[in-house]
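Have a look at the structure below, then the notes.
The values are calculated or read from the model by the stated rules, or taken from the named source; none is laboratory data. Quantities reported herein were computed from a predicted structural model and do not represent experimental measurements. So basically every Cβ, Gly included, is an ideal-geometry build from the backbone, and we count neighbours across all protein chains shown. Just so you know, the surface numbers come from the protein's heavy atoms only, side chains and all, with ligands and any DNA or RNA stripped out. Shrake-Rupley method; radii C 1.70, N 1.55, O 1.52, S 1.80 Å.
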Amino acid sequence: MCAVASDYDLSQRTLQFLSSPRQQLIGGKWVDSASGQTFGVVDPATGEEVVQVARGNAADIDAAVAAARKAFESGPWHSMTPSERGKLIWKLGDLIESHARELAELETLDNGKPFAIAQAADVALAADQFRYYAGWATKLLGDSIPISVVYAPGTEWQAYSRREPIGVVGQIIPWNFPLLMAAWKLAPALTCGCTVVLKPAEQTPLSALYLGQLICEAGFPDGVVNIVNGFGEETGAPLASHPGVDKVAFTGSTEVGKLIVQAAAGNLKKVTLELGGKSPNVVFSDADLASAVPGAASAIFFNHGQCCAAGSRLFIEHSIFDDVVNGVAGAAKQIKVGSGFQADTQMGPLVSQEQFDRVTAFMEAGLAAGAEALAGGGRVGTRGYFVEPTVFVNTNHEMKIVREEIFGPVVTAMPFKDIDEIAAVANNTNYGLASGIWTKDISKAHKLAKRLRAGTVWINCYNIFDAALPFGGYKESGWGREMGHEALNNYLETKAVCIQL
Ligand code: NAI
Ligand code: MG
């Protein structure tokens, strides 16, 4: 471990984790990568390397898939009752809670987000995700089906359906909520009795590896959860195309989502995708501005805008445009940007040099195209990947900053006239992940909610996530839903059993 990590006041358990080898979890054992190679994990607040982790490739994916197959087809996981499975999953939720400090520290070190937020949001939601799904393990019901078999008069039948685990699942996750994305993926898959090969993002592997330790401590049988670190093309791609994998679940860019679909075609494995967004956030003139203004600011600035659901297109009814946009710009200017380990930090650095370059290039493109930055528009400091919370006005629908996902703390604001105009404009995007509406008029809110082509509509709130609430996208924002009972379908097959009496 380098000096960077020891500069922070980290817990003993985190320091111990960082100073032990950070390998891969395959078949219940911690092992080096097949190639023996490692790669560096960078602290985004400084740009300096913190530790090295094992660097997986196709050979590690092969080993992990074989371990997952074995655990799926034989052994204790295969014969475990739903109640026993549910208890293990619940126990993992408890362990996450009792290791909240370490997990949040790793999240801050790896991703840059403020420690207090990592603990209160990421870790708490991850624990809750496992507890929510633990209860479902005993409730995966089939149907008893009265059938008629019209071409066989006089016969008698009994028929039913069974919900069965889909099999070996590959899960590829991003870096914006590293632990929480692992939880969103693992919890429903385990509840359904699947076995998993998880590939964390190369920018943020640490909390998933720590979670792997907790999975072992909880007592999950060997091979039920395997974790292979590595890069997209080198590790993710062989998992997505692997003939031994029955289903792949992916969260990340729309561009890679399309590659996943192609890779999955070989054995027609099932696919779910949670991809990008350019979500509209609509403020009507009758909104409670005392909550709409800070709500619009946090819709984009939460997690430094690195949210697939970020409210990145802010639409404000004409008559209140100046008040709202100035309020949001004022809020942006007051945000304290700094290291996630400083107690008063409200916004940390972006996750990586790549994202920093990407987001600052969008800012420059916006300014070059004639947009005006009411707040922000550039980097903060000279070290680490910090950028200013940014509010653009004088924008139009042709601008790159209005059309493309920026995935940073950058919002474009535009005025609108009425509900018909805003319904069309809000839907004028290839994405359809989330949306927000701020109004006191309940009919208007419901009417617009119906017209928005998006997987989530938040009314008088934004970025509200709950394990029970399905989340996912229309259009190019993805396939399928995560969370809620809907996510169980991602990991189940339905078998019809038909008996002649
Ligand atoms: P990405 O889509 O390349 O990475 C996400 C995950 O996919 C990582 O684990 C990565 O290793 C893996 N991956 C990359 N290429 C792969 C391949 N060919 N086959 C299989 N797995 C592969 O996203 P990246 O490059 O980190 O970020 C680029 C942009 O993507 C962001 O600026 C943002 O717009 C979007 N994004 C969206 C996220 C979301 O939550 N929907 C999360 C992260 C990024
Ligand atoms: Mg990429």
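Structural remarks
- Peptide ranges 157-167, 186-196 listed from the most packed, as the mean C-beta count within 10 angstrom indicates: 186-196, 157-167
- Amide H to amide H distances under 5 Å link VAL225 with VAL196, where only residues 5 or more positions off or on other chains count and H is placed in the peptide plane.
- About the centre of its Cα atoms, segment 212-360 shows a dipole size close to 280 debye [charges on the beta carbon of Lys, Arg (+1) and Asp, Glu (-1) only; nearest 20 debye].
- Globularity ratio of segment 357-492, using Cα Rg and 2.2 N^0.38 Å: 1.21
- Lysine pairs meeting the criterion (Cα under 27 Å, 8 or more apart or interchain), as found in segment 351-501: 11
- Projected area, mean over directions - segment 110-244, Cα convex hull, nm²: 11.4 nm²
- Difference of contour (0.36 nm per residue) and Cα-Cα distance, VAL149 to ALA365: 71.3 nm
- Calculated FRET value between SER79 and ALA120, using beta carbons and R₀ = 35 Å, to 0.05: 0.35
- Each Cα pair of segment 49-128 feeds into the Kirkwood radius, which the Stokes-Einstein equation turns, at 10 °C and 1.306 mPa s, into a diffusion coefficient of 103 µm²/s.
- Mean accessible surface per residue for segment 350-501, computed with a 1.4 Å probe while every protein chain stays in place, in Å²: 45 Å²
- Taking the square roots of five times each eigenvalue of the Cα gyration tensor of segment 168-294, the equivalent ellipsoid has semi-axes of 31, 20, 13 Å, listed largest first.
- Rounded to 0.05, the FRET efficiency of the VAL497 and LYS444 pair, given R0 = 41 Å and the Cβ-Cβ distance, is 0.25.
- Residues whose amide H falls under 5 Å from that of VAL282, counting only those 5 or more places apart or on a different chain, are PHE315, GLY436, ILE437, TRP438, with hydrogens built in the peptide plane.
- Protein accessible area in the chain, 1.4 Å probe - carbon and sulfur %: 53 percent
- Between the amide H of GLU48 and those of ASP43, distances stay under 5 Å, these residues lying 5 or more places away or on another chain, with hydrogens modeled in the peptide plane.
- Solvent-accessible area per residue for segment 35-104 (1.4 angstrom probe, square angstrom): 43 Å²
- Rounded to whole Hz, the Karplus (6.51, -1.76, 1.60) HN-Hα couplings of segment 382-387, x for glycine and proline: 10, 10, x, 9, 8, 10
- Sites ASP418 and LYS258, calculated FRET efficiency, Cβ-Cβ separation with R0 41 Å, nearest 0.05: 0.70
- Per DSSP, loop GluC sites (Glu not before Pro) in segment 431-501 with at most 10 further Cβ within 10 Å: none
- Cα centroid of segment 261-298 to Cα centroid of segment 1-76, whole Å: 31 Å
- Building the convex hull from the alpha-carbon atoms of segment 416-501 and averaging its projection over directions returns 8.6 nm².
- Note on ASN460 and ARG101: their simple-model spin labels are 4.0 nm apart, each label 7 Å out from Cα toward Cβ.
- Packing, as the average of other Cβ atoms within 10 Å across residues, places the peptides 461-471, 297-307, 74-84, 340-350 in the order 297-307, 340-350, 461-471, 74-84, highest first.
- Lys-Lys pairs in segment 54-172 that are eight or more residues apart or on separate chains and whose Cα atoms lie under 26 Å of each other come to 5.
- Accessible area per residue for segment 153-200, computed on protein heavy atoms with a 1.4 Å probe, is 22 Å².
- When the chain is reduced to its Cα atoms, the Kirkwood hydrodynamic radius in Å: 23.6 Å
- Every Cα-Cα pair in segment 155-202 was counted, and those over 12 Å apart are 65% of them.
- The chain: relative contact order in percent, alpha carbon pairs under 8 Å with at least 6 residues between: 17 percent
- P(r) tail, segment 8-154: Cα-Cα pairs separated by more than 21 Å, 64% of all pairs.
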